[in-house]
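What follows is a set of notes on a single structure, which appears directly below.
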Amino acid sequence: MSYKLRYAKLRGVARFAAAVVASGVAVAGLLSPATAAAQPAVGSSEATRQGAWDTRNSLNSQAGTLPPDAAQAVQGAVDGAVNGMFPGLIQEREAAIRAENERRAAAEAQSSAPQSSDFDRGPCPATARACVDLAGQRTWLQKDGNVEYGPITMSSGAQGWETPRGTHKVTRKVKDEISREFHNAPMPYSVYFTNTGVAFHAGRVDWLSHGCIHLNHDDAVTYFNSLKPGDVVFVY
């Protein structure tokens, strides 16, 4: 590294250090003199807390221009100072940001899902949690009549082993299931919805079954995690 470049970086660090000091004074000034000198600002106003949060974010953003080790040290020092004056502020605001991001993601997922007005649900009622269209060899999960997952490709019972039509309810779930009737054939992620052994489970969707609904692996995992005993399964 050239002397000139190193000197320029050191000057940048010095300027940043000065900004940290100045901002620290500004944050302290937001508190009453007695509070700043004697104890953390637990009872400070929301405006004061917001000012401290904004200052913290600004300083940490500036620290991002420093070399990684220096940036980490400065950000740790800034967070330590803010936590000292405003205990729990950083954790509280970060938790609120995470919650808002999760809310937005859920809203976007819901808005992108096909709605009942745009999607052919056939005769599957809005009260059903899972719908199975034998003619279309498709299935989907829904909530309050709105499609939540799918439709996805599936395979159903072969001739003589037809999947029973009608309204059923999930009875039980077995993750590592096998079929004793059919030579211990694997039935991973089984979700049973009849009393005769018919279930959703992972299997080849290009093979017809002995009555069960074959799903691709990832789809079977989603059905297993989403469906609960008592959920309505409608097959038509």
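Keeping the other protein chains in place, figure out the carbon and sulfur percent of the accessible area of region 45-110, with a 1.4 Å probe.
55 percent
State in Å² the accessible area per residue of region 130-235; use a 1.4 Å probe, count heavy atoms of protein chains only, and round to the nearest integer.
Details: 5370 Å² over 106 residues.
That works out to 51 Å² per residue.
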Query raised in the report: In whole percent, how big is the carbon plus sulfur part of the accessible area of region 130-235, probe 1.4 Å, protein atoms only?
Result: 50 percent
Query raised in the report: Once label points are set 7 Å from the Cα along Cα→Cβ at both residue 120 and residue 153, what is their separation, rounded to one decimal in nm?
Result: 1.8 nm
Query raised in the report: Roughly what would the spin-label model give for residue 174 and residue 95, points 7 Å off Cα along C-beta, in nm?
Result: 4.2 nm
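Over region 45-110, average the accessible area per residue using a 1.4 Å probe and give it in Å², no decimals. Don't skip to the answer; put the middle values down first.
Numbers: 3810 Å² over 66 residues.
Heavy-atom SASA per residue in region 45-110 reads 58 Å².
Mind putting a number on the dipole of region 130-235 about its Cα centre? Charges go on the C-beta only, +1 for Lys and Arg and -1 for Asp and Glu, and I need it in Debye to the nearest 20. Mind dumping the intermediate values first?
Numbers: 10 positive and 11 negative charges, 51 e Å.
Around 240 debye, computed over region 130-235.
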Query raised in the report: Can you give the Kirkwood hydrodynamic radius of region 45-110 from its Cα pairs, in Å with one decimal?
Result: 13.2 Å
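The values are calculated or read from the model by the stated rules, or taken from the named source; none is laboratory data. As the structure is a computational prediction, the values presented were derived from the model and not from experiment. Backbone-built Cβ (ideal geometry, glycine too); neighbour counts: all protein chains shown. The protein model used for the area step is the full one, side chains on, heavy atoms only, and it has no ligands, DNA or RNA in it. Shrake-Rupley method; radii C 1.70, N 1.55, O 1.52, S 1.80 Å.
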